[in-house]
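Q: Please see the structure below; I have some questions.
A short reminder: the numbers here are calculations on the coordinates, not readings from a lab. What you see is a predicted model; the values in this text were computed from it and never measured. With ideal geometry, Cβ positions are generated from the backbone for all residues, glycine too; neighbour counts draw on all protein chains shown.
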Amino acid sequence: MRKAVDYGARPWQQTHWDARAAANFVCGGMGCGLVVAAALSGAEGVARVAPVVAGLALVASGLIAVFFEIGRPLRAVNVLFNPRTSWMSREALVAPLLVAAALAGATGRAPFLALAALLALVYAYCQGRMLAAAKGIPAWRAPLVPVLLVATGIAEGFGLWHVVAAFTGARAPWLAVAFGALLIARIVVYRRYRQGLGHALHRDAVAALDRAGRVLLWGGTLAPLALVALAAVLPGGPWLAAAGGLAAAAAGARLKATLVLRAGQNQGFAIAHLPVRGVRT
């Protein structure tokens, strides 16, 4: 049972999306990024199939988490009926296309894997637009939120690709360069997003986002960059890169979970004119 909320002029933390909804954003973005990395790696055999299957498993895990969040799960099918105005409907419609294209690509059909990468980007963008559509929550409605979620998800996926590659023996040195570039792009987008919020946030949301931002900078950007650089010159390079990839993914997951669960403060009600008995307004 959800805790009662004291709605009013003061900001309050949204309670409609809980940890299960946050899991959809965390797992969905990671999975999409992993599919994109697999498509671009040029790997063959198990080294191609493993990251694709892992990426689809993450996407499915996020959708299953949302399914269990719904109070009446049998009505979940209704989400498919409003693609004209709902980004959640668009996400749900893209998901089966993504799964079909990715599985076809994993079996050796390169054009389908390229299509899967494109659909993965669309899926991640739909998730970003879902948050941005919540106009009453300052931390979500910022223009850079869709870009932040896409950048975070793709960076996480490239990081997880290095984890899978450490086990499968896949080699794609240029993906390490791309991974570093994505990490830098992600922290730049986050900094611009955070600066753009200004003083619109409640102090609790500010504190939560700033803590997650520090983790993103140190644990999710600088440490992975150092590990990937060391992986190029030291023995055990794949495992060093895997450690960096895991750290980058964990920091990104924390940022998205914080955005949904800790920074989702509504702005409260604004009443421009209070009615006064006997006074014409």
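Q: Once you wrap a convex hull around the alpha carbon atoms of segment 95-150, what is its projected area averaged over all directions, in nm²?
A: Taking the Cα atoms of segment 95-150, their convex hull projects to 3.8 nm² on average.
Q: Using a 10 angstrom Cβ neighbour count of at most 15 plus a DSSP loop assignment to flag exposed trypsin sites (Lys or Arg not before Pro), which longest range of the chain is free of such sites?
A: Formally, the longest exposed-site-free interval is 172-276.
Q: Further, regarding this structure: Please give the contour-minus-distance gain from residue 70 to residue 233: 0.36 nm per residue of separation, less the Cα-Cα distance, rounded to one decimal in nm.
A: On the way: separation 163, 0.36 × 163 = 58.68 nm, distance 4.94 nm.
Gain on extension, residue 70 to residue 233, equals 53.7 nm.
Q: Same structure again: Work out the charge dipole of the chain with +1 on the Cβ of Lys and Arg and -1 on the Cβ of Asp and Glu about the Cα centre, then indicate which of 137, 94, 155 is farthest towards its positive end.
A: After comparing all options, I get 137.
Q: A further question follows. Calculate the FRET efficiency for residue 135 and residue 218 from the Cβ-Cβ distance with a Förster distance of 41 Å, rounded to the nearest 0.05.
A: Computed FRET efficiency for residue 135 and residue 218: 0.80.
Q: Treating only the Cβ atoms of Lys and Arg (+1) and Asp and Glu (-1) as charged, compute the dipole magnitude of the chain about its Cα centre; round to the nearest 20 debye.
A: Using only the charged Cβ atoms, the result is roughly 960 debye.
Q: What length, rounded to one decimal in nm, is gained on full extension from residue 204 through to residue 277, with 0.36 nm per residue of separation minus their alpha-carbon distance?
A: So the extension gain works out to 22.6 nm.
Q: Return the long-range amide H neighbours of residue 265 (sequence gap of 5 or more, or a different chain), with a cut-off of under 5 Å between placed amide H atoms.
A: 14, 139
Q: Per residue, what volume in Å³ does the convex hull of the Cα atoms of the chain enclose?
A: Each residue corresponds to 144 Å³ of Cα convex hull volume.
Q: Still on this model: Can you pull the semi-axes for segment 122-171, root of five times each eigenvalue of the Cα gyration tensor, sorted largest first, whole Å?
A: Values for segment 122-171, descending: 31, 8, 7 Å.
Q: Now, a different point. Which stretch or stretches of segment 200-243 have amide N atoms under 17 Å from the point lying 7 Å from residue 167's Cα along the Cα→Cβ direction?
A: Output list for this probe position: 238-243.
Q: Grab the beta carbon distance between residue 77 and residue 211, set R0 = 25 Å, and tell me the FRET efficiency rounded to 0.05.
A: With R0 = 25 Å, the Cβ-Cβ based efficiency is 0.05.
Q: Run a plain Debye calculation on segment 41-158 (Cα atoms as equal point scatterers, no solvent) and give log10 I(q)/I(0) at q = 0.10, 0.11 Å⁻¹, rounded to two decimals, same order as the q list.
A: For segment 41-158, the Cα-only Debye profile gives -0.34, -0.41.
Q: On the Cα set of segment 182-242, report Rg and Dmax in Å, please.
A: Reported Rg and Dmax, both Å: 15.1, 48.
Q: Report, to one decimal in Å, the Kirkwood hydrodynamic radius for segment 64-222 based on all distinct Cα pairs.
A: Taking every pair of different Cα atoms in segment 64-222, averaging 1/r and inverting gives 17.8 Å.
Q: Still on this structure, please answer the following. Between residue 20 and residue 181, what is 0.36 nm times their sequence separation minus the Cα-Cα distance? Round to one decimal in nm.
A: 54.9 nm
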